[in-house]
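Peer 1: Before we start, here is the structure in question, set down as structure tokens.
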Amino acid sequence: MRRLTRRALAGSLLLAAFTVSACKRRHRRAEAQPEQAPGTMLSELQMGDARAAVQLAKGFYDPEGNAWRWTQKHFSVVLAPPPGAAQRGATLAFHFTLPEAEFSKLGPITLSASIAGQDLPPQTYSAAGDYVFKRNVPATLLSAQAVNVDFQTDKSLPPTGTDQRELGLVATSIALQAE
Amino acid sequence: MQSRQEERGTSAGAEWRWGLAAVIVFALWLDWPGIKTWFSADDFAWLGLRLHVHDFDTLVWALFHPFAQGTVRVLSERVYFLTLSSIFGFNAIPFHVVTFLTQAAALALLAVCMRRMTGSTAAAFAAPVFWTCSAMTAQAVSWSSAYNEVLCGALLLAAFYFLLRHIESNRGSDLVGLWICYLLGFGTLEHVVVFPFLAAGWALCRARGYLLRTLPLFVPAAVFAGLHFALVPATTDPLYQLHVDASMFPTFRIYWLMATGAFRAPDDWFAPPHPAGLVLSLSLSISLAAFAAFRAWKKDFRGLFFLGWFVFMVGPVLPLRDHVQDYYLTLPVIGLAMLGGWGIGVAIENRRLPYVALAAILAGAFCLYSARDLRIELNWYYTRGRRLESLIEGIAAERKSHPGAIILLNGVSDRLFWSGFGDHPFRLLGLGQIYLAPGTESAINPHPEWGGISDYVIPPAQARAALSAGNARVLTIVSGRLLETTAAYRRVLEAEMDNLSHSIVDAADPASASRFSPEWYPPEQDFRWMPRTASVTLEAPRKPGMDLVITGFCPAVLLAQGPLHLTVSANGTRLGIATVNAPGQTVVLKFPIPPQLAGEGPMKLDLSVDRVYRAPGDKRDLGFIVRRFELRAPS
């Protein structure tokens, strides 16, 4: 009788465990449908903003700390020109960090960019730190609903045994700001 | 009325059973995140096996054809996955239930073996607790594809249990049980060939009269090993190449440090050990070695046997220098758990406070530290599986609401991709036409040795056409969330394609490999050699007035006989002939593209050089080095 009770107890515990598990699975399936994202294009992309992810066209890794992302050597985004940009132009502003750990290995890094196929003046960064790469963008390049911005660094950290990623810069935000 | 002795026996038996139950409940609690974990990686290949079984012949093929680096693990992989997937389909829970029940049996067998080997109840309970706490068991208890470790462990321990019984009783039935479990082990994992060494080792240590009876065990092991190397073709996967050389010693060091708690996370195995982990590892290493050596000095060689269990069990994976895996330690750490458990038993029996205190501190530190690591790993596997499950469920839901539309996935990270995409989980749900959003594949290491990523790459023009026709849906993954972003992504892709400066093809970019004709030599670092002639396909410029820019390099040896001439044509129209005369320097060659070539669709570039070079010992005809093709507005 005692043995039977123990078996019943053990069986009940297992049954309860799998019932809990099954309940959780049912709950999950209710969440399965993807969330509907707004179709509007952003002029400013904050790296931790889920709405911005679709506009990070190439060369970005997963967000970290819900605030920044490592880039590859080449990376590109698509931005909506801000209101009035087609008449007055805009300013491209890229907020990023050149980490000390990277700078100590690579030395000065040159960042170049092009927007809608036009090269913008590059800039060389000779110390680690937080920077804003700012360039004026003429109105003639901002007549479309969305424009592509390509970035490229002249150096990057190659993959290592512990991190298989090619690492360019630590991006915080990229924006086209109204003049 | 029962006699007092019978009462004590009944009471001891009850305590023993309750103790075993407590160990198993503890394991259930500790491994719980692993039991909830969804499928990943190789699981999908095994789950897909049943799709190939249609009749008896295909069943035989599925059961016995070498897969996965040429292995044939009939029971632990083929039967396990075929049976459970046929009954339960895509539900991971039954797989984990079977795994846990097998592991529970293994824990019970370890306890009864320890009781027979040491005569100590404390040792019998401590060993399975140590094994359960080992972080090295994380994959084995949470990843269905590692069930081979669990089942092999259970069968090895069962065979060993019968060996111990046979030595005690000399009954033939125990010998039969030993042989059955041992032979079944050949259907689980190649490690079973080590069992004869363990059996002979124990006989040497404790029952030399039985040593001869263990020798026949070597016959199946030798036959299996011979057949394995003779019949199974060597794998071409570089990760699984065998290195039987001095590199096995550093590999052993890594495995030892991992087993004793020096390393905290799978990604850090080759990084410097965590300081606290290293202290624990050194303390355990010194204590266990000193304990085994002291007992050996006293002519008790059980400690050496337990250490030998670790060495023999880890031996088969030491030649896999480039594929160090924590789950390979699932079986070896049983030896260390045995040694630690015996140490606890001896300390308690001796009743000397310093020894008891030392044993308690080391055991407590190991259990707390390693169990914490185990939970971290199990939660990591659980989260990874959960993300993959959510993604696949989300894709299935999207396909259900938009049947026929192709699905473009944006934001798939390297880790997410290789946690399952490579083994095509979507086909198991009948989901086809799933691709990475054009351009995003650059964030994924292509790993051609694992099958590559080409099945998920779609040309931008095809994706754009599908989006324009309303035949594509885009799902963006952000921090585990799945967003439907078709409208926004359509604008992104249009902007990308309108921006002709984005038309860049890097010669060494694996994502662009399909653009290069077969004549090209394989990528090296960031370039490719072309022979005398070769071609590459780009997207045609959508606007007139663009330049084709080729970035290349010409080693001095190529120019020893004078300048090199590179002729370039696009869709049959000659763009020009460039003269290369800068030895050892990067060269940038610009070719204006005639306006009539502008438009949508592919543009095939034919390249030829007027001279090739053959380096000594190199059979290749070397023409020119190309790093990049680019369409750019004239500057």
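Each value in this text was obtained by applying a stated rule to the coordinates, not by laboratory testing. Since we're looking at a predicted model, the values are computed, not measured. With ideal geometry, Cβ positions are generated from the backbone for all residues, glycine too; neighbour counts draw on all protein chains shown.
Peer 1: Under the classification rounded if a/c is under 1.5, otherwise prolate if a/b is larger than b/c and oblate if not, where does the protein assembly as shown fall, given a ≥ b ≥ c as square roots of the Cα gyration tensor eigenvalues? All intermediate terms of the calculation are to be shown ahead of the outcome.
Peer 2: Values: a/c = 2.25, a/b = 1.96, b/c = 1.15.
Taking the square roots of the gyration eigenvalues as a ≥ b ≥ c, the protein assembly as shown is prolate.
Peer 1: Report, ordered by chain and residue number, the lysines lying within cross-link reach of B:Lys299, taken as a straight Cα distance under 16 Å and ignoring same-chain residues fewer than 8 apart.
Peer 2: none
Peer 1: Report D for chain B in µm² per second (integer): Stokes-Einstein, Kirkwood Rh on Cα pairs, 10 °C, 1.306 mPa s. Don't jump to the answer; show the numbers that get you there.
Peer 2: Working: Rh = 28.5 Å.
Approximately 56 µm²/s, per Stokes-Einstein.
Peer 1: Less than 18 Å apart at the alpha-carbon level, and either on another chain or at least 8 residues along: which lysines does that give for A:Lys73?
Peer 2: Counting by Cα, and skipping residues close in sequence, A:Lys73 has these lysines nearby: A:Lys58, A:Lys105, A:Lys155.
Peer 1: Given the -39500 (n - 2.57) contribution per DSSP H run of 4+ residues, what per-residue ellipticity at 222 nm results for the protein assembly as shown, rounded to the nearest 500 deg cm²/dmol?
Peer 2: On the way: 24 runs with 350 residues, N = 814.
Value at 222 nm, helices only: -14000 deg cm²/dmol.
Peer 1: Also, quick follow-up: What span do the alpha-carbon atoms of segment B:515-635 cover on each of the three principal axes, reported in whole Å from largest to smallest?
Peer 2: Ordered largest first, segment B:515-635 gives principal extents of 45, 27, 25 Å.
Peer 1: Pop out the ³J(HN,Hα) list for segment B:429-434 in order, Karplus 6.51 cos²θ - 1.76 cosθ + 1.60 with θ = phi - 60°, rounded to Hz; leave Gly and Pro as x.
Peer 2: Each residue of segment B:429-434 in turn: 9, x, 9, x, 6, 10 Hz.
Peer 1: What trypsin sites (Lys or Arg not before Pro) in segment B:167-260 are in a loop by DSSP, with at most 12 other Cβ atoms within 10 Å of the Cβ? Kindly include the intermediate steps, with their values, before the conclusion.
Peer 2: On the way: sites: B:Arg171, B:Arg206, B:Arg208, B:Arg213, B:Arg253; in loops: B:Arg171.
Loop-located and lightly packed - B:Arg171.
Peer 1: Count, for each residue of A:70-82, the Cβ atoms from other chains sitting within 10 Å of its Cβ, then give me the mean as a whole number.
Peer 2: Average per residue, whole number: 3.
Peer 1: Near B:Lys36, which lysines are there with a Cα under 25 Å away, not counting those fewer than 8 places off in the same chain?
Peer 2: A:Lys24
Peer 1: Which of B:Ile477, B:Ile167 comes first, and how do the rest follow, when ranked by fewest Cβ neighbours within 10 Å?
Peer 2: B:Ile167, B:Ile477
Peer 1: Next up: Cα centroid distance between segment A:135-154 and segment B:580-635, in Å?
Peer 2: With segment A:135-154 and segment B:580-635 each reduced to a Cα centre, they are spaced 28 Å.
Peer 1: So what's segment B:132-248 giving for Rg/Rh, alpha carbon basis, Kirkwood Rh from the mean inverse pair distance?
Peer 2: Values: Rg = 16.3 Å, Rh = 15.9 Å.
That ratio equals 1.02.
Peer 1: Separate question: Arrange the following residues from fewest to most other Cβ atoms within 10 Å of their Cβ: B:Asp245, B:Asp43, B:Asp506, B:Asp174.
Peer 2: B:Asp245, B:Asp174, B:Asp506, B:Asp43
Peer 1: Charges at C-beta only: +1 for Lys and Arg, -1 for Asp and Glu. How large is the resulting dipole of chain B about its Cα centre, in Debye rounded to 20? Let's see the in-between values first.
Peer 2: On the way: 52 positive and 48 negative charges, 264 e Å.
Result for chain B is approximately 1260 debye, rounded to the nearest 20.
Peer 1: Restricting to DSSP loop positions (anything but H, G, I, E, B) with no more than 16 other Cβ atoms inside 10 Å of their own Cβ, which trypsin sites (Lys or Arg not before Pro) remain in segment B:297-334? Can you show the working numbers first?
Peer 2: Values: sites: B:Lys298, B:Lys299, B:Arg302, B:Arg321; in loops: B:Lys298, B:Lys299, B:Arg321.
Filter output for segment B:297-334: B:Lys298, B:Lys299.
Peer 1: With an 8 Å Cα cut-off and a minimum separation of 6 or more residues, compute the relative contact order for chain B in percent.
Peer 2: On the way: 1022 pairs, mean separation 78.3, N = 635.
About 12 percent, as a whole number.
Peer 1: Still on this structure: What residue among B:Ala437, B:Tyr182, B:Phe95 has its Cα farthest toward the positive end of the dipole of the protein assembly as shown, where the charges are +1 on Lys, Arg and -1 on Asp, Glu, each on the Cβ?
Peer 2: Value computed over the given set: B:Tyr182.
Peer 1: Neighbouring Cβ atoms within 10 Å as the yardstick, rank B:Asp610, B:Asp57 fewest first. Please report the intermediate quantities before stating the final value.
Peer 2: Values: B:Asp610 13, B:Asp57 9.
If I rank by nearby Cβ atoms, fewest first, I get B:Asp57, B:Asp610.
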